[in-house]
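Step one of this worksheet: look at the structure below.
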Amino acid sequence: ALQHDASRVVQAAVQFGNAGQRKIIVRELCEEGKMDELAKSQYAHFVVLKLIKYSVKDEDSMRKIVKALKGKIAKLAVHAVGARVVELLFSTFPSKITTKLKLEFYGNRFGLFNDGDLSNKCSNPTIHSIIENQPSGKEPALESLLSIINKGIEKGLYSFAYFQQIICEYITASSPNDVRSLCSSLVDHSIHLLSTRAGSRVVAECAAYGTPKDRKRIMKSLKGYTRSSLLHSDAYIALLRILDVTDDTVNVQKAILAELLVLPEEKKVINVLGEVVKGEESDGEKSPILNLVLSDTASKLFLLLLAKNQESRKKYFDPAEMDILRPDPKVTEGGEEVPTSKKNSNTRRVELLQYMRNTLIECCKSHADKMLVSRNGAKVLREVYEIFPSKELSDAIVEACDMDDDGGEFLSIFEHPIGQVSIKNIVSCDKESDKDDTLTAALFKKYEGTLIDDIGSSNRGAFVLTAMIESDRDGKVSKELSKKKKEIKSRIKECKKMSKPFAGFEALLKSL
């Protein structure tokens, strides 16, 4: 297996052999006691990778491989070739089988002696479970992790998921000052760290506790990848944190937000002769941020800027995200806690929001129809309507209330499962508004005299009418609908008879 050509023969035997033949190979290589040497070899490590890949359904073989690597995993984790084996091992084998190997990252106390029998208590041990079970082991475990991190940085192992997890555990368990001291070694490789949730957390913490220079280097590393990072399932949180803590908002605008104001290049289809035969349909009116606003992750950048305070953020961010985006990170200098950002957080937010203001408003006016039927787009639309109200935006939303579905049949937005909730939530903003050009007024103007037929024709639409009554300062909506009580009651009876939902009609009747 150590030779170039012979290694390929053994790999083929593992790949194409039957289960019995594979077991023989595993037993022979594991009992030799040199599995770690094979894992470090330029050619032989491919054999180990094949063994890991094709042994995943055989628990006995998996346990033999793990046993053969026991006591060697910490050194393999920082070896240029062995790191590939460690990466596949932890991503392929079940965590309950690799528990004892992972404990080796925290030092001999846990790896060799399994102090407190942690391997039985935790199927997937972390530095936090170590501290919980053995508080006295915190410092030795952190020292061991830092040693692995420093060696891994020298070897450039940033793109490995297990290495990113190790850094993440260290950074979330150590002091802010320790995080700051490590930042300078990590920030230039931020783009490689964003491939996993753990790596994105590392970049976010570096942005929080790093110096202004560190933040600038992070933004430089991410240049050209802003859009793709925001659309990534994990990377987006790091960008949000950068926007949240960076005082130099002008640099943030140039390095990050400016990329969002330009439409991405159109994808082209090229034939065998190298000729462009087809391109994606071009829409000159399309907003450059439309796909971001409709995205589950990218839309959170706009919600971060639009949310006025921490309470408002809680509506749009889950507890894990709120933990990363916690306010006012501090480090200790001269025995005193000092904020890592000097500028007021709300001032930073407003400066960035003003930069994106016109683009956001234009997107909402041009694509209200798409945003109303998107859970993510509707959140952004509601916040923009509340912060930047205008007659043009209200008219655009009213205009989007009539649409055709994919089948070509007419479908009112008031009957759409998402659309009607979006309209109802936006109308609810009018309760505290002192403007005349509200959505409630615009809807009444368009549907005056036919409210119950055009908006309240369905149970869902009745909820919208209820919200309009509560938000209408003039009482015009209530006045018109008060004449339709009999019709509303008859619709309730009809819905009961046909076993259809009628809660909307009941709420409407109650509000009258």
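The values are calculated or read from the model by the stated rules, or taken from the named source; none is laboratory data. All figures in this text were calculated on a predicted structure; none of them were measured in a lab. Backbone-built Cβ (ideal geometry, glycine too); neighbour counts: all protein chains shown. Please note that ligands, DNA and RNA were not included when accessible areas were found on the heavy atoms of the full protein model with its side chains. Shrake-Rupley method; radii C 1.70, N 1.55, O 1.52, S 1.80 Å.
Which condition breaks for Ala396 when tested against (1) open to solvent by less than 60 Å² (accessible area, probe 1.4 Å); (2) farther than 18 Å from Asp437 by Cα?
(2)
Inside region 184-203, can you point out the residues that are part of a helix (DSSP H, G or I) and surrounded by 23 or more Cβ atoms within 10 Å (Cβ to Cβ)?
Answer for region 184-203, where residues must be part of a helix (DSSP H, G or I) and surrounded by 23 or more Cβ atoms within 10 Å (Cβ to Cβ): Leu186, Val187, Ser190, Leu193, Gly199, Ser200, Arg201, Val202, Val203.
If I go through region 39-67 residue by residue, how many of them are part of a helix (DSSP H, G or I), aliphatic (A, V, I, L, M) and open to solvent by 20 Å² or more (accessible area, probe 1.4 Å)?
Total satisfying the criteria: 1.
Mind listing whichever residues of region 472-493 are among the charged types (D, E, K, R) and closer than 13 Å to Gly456 by Cα?
Hits for region 472-493 are Glu480, Lys484, Lys485, Glu487, Lys489, Arg491.
Out of everything in region 204-228 that is under 14 Å from the mean Cα position of the chain (by Cα) and open to solvent by less than 10 Å² (accessible area, probe 1.4 Å), what residue ends up being nearest to Thr297 (Cα to Cα)?
Looking at residues that are under 14 Å from the mean Cα position of the chain (by Cα) and open to solvent by less than 10 Å² (accessible area, probe 1.4 Å), I get Thr226.
Any residue at all in region 372-388 that is without any contact (Cβ under 8 Å) to a residue 24 or more places away in the chain, more than 30 Å from Ser200 (Cα to Cα) and out of contact with any Gly (no Cβ under 8 Å at 6 or more places or on another chain)?
The answer is no; no qualifying residue exists.
I need a count of the residues in region 326-375 that are closer than 30 Å to His416 by Cα and open to solvent by 70 Å² or more (accessible area, probe 1.4 Å).
Counting residues in region 326-375 that are closer than 30 Å to His416 by Cα and open to solvent by 70 Å² or more (accessible area, probe 1.4 Å) gives 5.
Would you mind telling me which numbered condition in (1) buried (at least 16 other Cβ atoms within 10 Å of the Cβ); (2) farther than 30 Å from Ser457 by Cβ; (3) without any contact (Cβ under 8 Å) to a residue 40 or more places away in the chain Ala320 fails?
(1)
Only residues in region 145-157 that are in contact (Cβ under 8 Å) with a residue 60 or more places away in the chain and open to solvent by less than 30 Å² (accessible area, probe 1.4 Å) count as the first member; pair them with residues that are β-branched (Val, Ile, Thr) and part of a helix (DSSP H, G or I), Cβ under 7 angstrom, at least 6 apart or cross-chain, and list the lot.
If the second residue must be β-branched (Val, Ile, Thr) and part of a helix (DSSP H, G or I), the pairs left are Ile148/Ile166.
Residues that are without any contact (Cβ under 8 Å) to a residue 24 or more places away in the chain: list the helices (runs of 4 or more DSSP H) wholly contained in region 215-263 that include at least 1 such residues.
226-231, 249-252
What residue, of Ser312, Ser299, is open to solvent by 10 Å² or more (accessible area, probe 1.4 Å) and either among the polar types (S, T, N, Q) or under 23 Å from Val179 (Cα atoms) (or both)?
Result of the check over Ser312, Ser299: Ser312.
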